[in-house]
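Visitor: I am attaching a structure below and will ask some questions about it afterwards.
The values are calculated or read from the model by the stated rules, or taken from the named source; none is laboratory data. Just so we're clear, the structure is a prediction, and the values are computed from it rather than from any experiment. Every residue, glycine as well, gets a Cβ built from its backbone with ideal geometry; the counts of neighbours run over all protein chains shown.
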Amino acid sequence: MLSSTNLKQYFFLIFCLLVAVVPTSMATPIIGWVEKVSIHPEGEEFKARIDTGAKTSSIDASNIQIKHKNGKKYINFSVRRRDGKPVIFERLIIRETKIKRDFGKIQIRPVIRLEICIGKIKKEVEVNLTDRHKKNYPVLIGRNYLAGNYLVDSSKTKTTSLACD
């Protein structure tokens, strides 16, 4: 019979062996605080800031026009690419949300669903629309995209290549 100390050592050894043989494909990928993303089905690429402090992802939106089609509310908006060319999107507004800004003011923002790709992972998430034209990155990726998909290393940037189908 194993003593208590030997039993602990035995389980520790088994644990270490299991950790050592777990394939990297099963490990959660690590990304940096800035990554390239693509929006689907359009396939447009943007740089994004990865923000674990933000619950919901957001995207820069200008030239906003709201339309009603078949009794539903849609929004047309544009996002400026790095080359300055605007890309126009149209999505169904699924709800509006209240965001408390840094300076304490409440801002109401439309929320849509976007299919976003980072690396090999494509996921449809809720995204709120806001004016980010003064920010360095038009897209902010929040925890609603990151949870269960990625860990974030704030000392790294641009760790992935877009590989979504």
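Visitor: Pick out the one residue from Phe46, Phe77 that is hydrophobic (A, V, I, L, M, F, W, C), within 17 Å of the chain's Cα centre (by Cα) and modelled with pLDDT of 90 or more. Give the derivation first.
Guide: Numbers: Phe77 fails: within 17 Å of the chain's Cα centre (by Cα).
Residue meeting the stated conditions: Phe46.
Visitor: Which one is surrounded by the most Cβ atoms within 10 Å (Cβ to Cβ), of the residues in segment 31-60 that are over 21 Å from Ala163 (Cα atoms) and polar (S, T, N, Q)?
Guide: Per the stated criteria, the residue is Ser58.
Visitor: Name every residue in segment 82-94 that is surrounded by 14 or more Cβ atoms within 10 Å (Cβ to Cβ) and modelled with pLDDT under 90, in order of residue number.
Guide: The answer is none; no residue qualifies.
Visitor: Regarding Asn63, is this residue over 17 Å from Glu42 (Cα atoms), crowded, with 16+ Cβ neighbours inside 10 Å and of a type in the set (S, T, N, Q)? Steps first, answer last, please.
Guide: Details: over 17 Å from Glu42 (Cα atoms): yes; crowded, with 16+ Cβ neighbours inside 10 Å: no; of a type in the set (S, T, N, Q): yes.
So Asn63 does not fit the description; no.
Visitor: Looking only at segment 81-96, count every residue that is more than 20 Å from Gln107 (Cα to Cα) and assigned to a loop (DSSP other than H, G, I, E, B) and tell me the total.
Guide: Result for segment 81-96: 5.
Visitor: Please go through (1) out of contact with any Pro (no Cβ under 8 Å at 6 or more places or on another chain); (2) in contact (Cβ under 8 Å) with a residue 24 or more places away in the chain; (3) assigned to a loop (DSSP other than H, G, I, E, B) for Thr160 and return the number of the only condition it doesn't satisfy.
Guide: Going through the list (1) out of contact with any Pro (no Cβ under 8 Å at 6 or more places or on another chain); (2) in contact (Cβ under 8 Å) with a residue 24 or more places away in the chain; (3) assigned to a loop (DSSP other than H, G, I, E, B), Thr160 breaks only (1).
Visitor: Here's a check for you: in segment 130-165, which residue that is among the charged types (D, E, K, R) and either in contact with a helix residue (DSSP H, G or I) (Cβ under 8 Å, 6 or more places away or on another chain) or closer than 20 Å to Ala61 by Cβ (or both) is surrounded by the most Cβ atoms within 10 Å (Cβ to Cβ)?
Guide: If we filter segment 130-165 for residues that are among the charged types (D, E, K, R), which is where we start, we get 131-132, 134-135, 143, 153, 156, 158, 165.
If we keep only those that are either in contact with a helix residue (DSSP H, G or I) (Cβ under 8 Å, 6 or more places away or on another chain) or closer than 20 Å to Ala61 by Cβ (or both) too, we end up with 131-132, 134-135.
Working: Asp131: 12, Arg132: 19, Lys134: 6, Lys135: 13.
Checking each candidate, the answer is Arg132.
Visitor: Of all residues in segment 95-124, how many are among the hydrophobic types (A, V, I, L, M, F, W, C) and loosely packed, with under 14 Cβ neighbours inside 10 Å?
Guide: From segment 95-124, those among the hydrophobic types (A, V, I, L, M, F, W, C) are 99, 103, 106, 108, 111-112, 114, 116-118, 121; that's our starting set.
Now drop any that are not loosely packed, with under 14 Cβ neighbours inside 10 Å, which leaves 103, 106, 108.
So the answer is 3.
Visitor: Shifting gears a bit: Across segment 121-139, which residue is nearest to Lys98 (Cα to Cα) among those that are touching a residue at least 60 places away in the same chain (Cβ under 8 Å) and outside any strand (DSSP E or B)?
Guide: Here the residue is Asp131.
Visitor: Residue check: is Val127 surrounded by 15 or more Cβ atoms within 10 Å (Cβ to Cβ) and either farther than 15 Å from Val79 by Cα or touching an Asp or Glu at 6+ places or on another chain (Cβ under 9 Å) (or both)?
Guide: Numbers: surrounded by 15 or more Cβ atoms within 10 Å (Cβ to Cβ): yes; either farther than 15 Å from Val79 by Cα or touching an Asp or Glu at 6+ places or on another chain (Cβ under 9 Å) (or both): no.
So Val127 fails the test.
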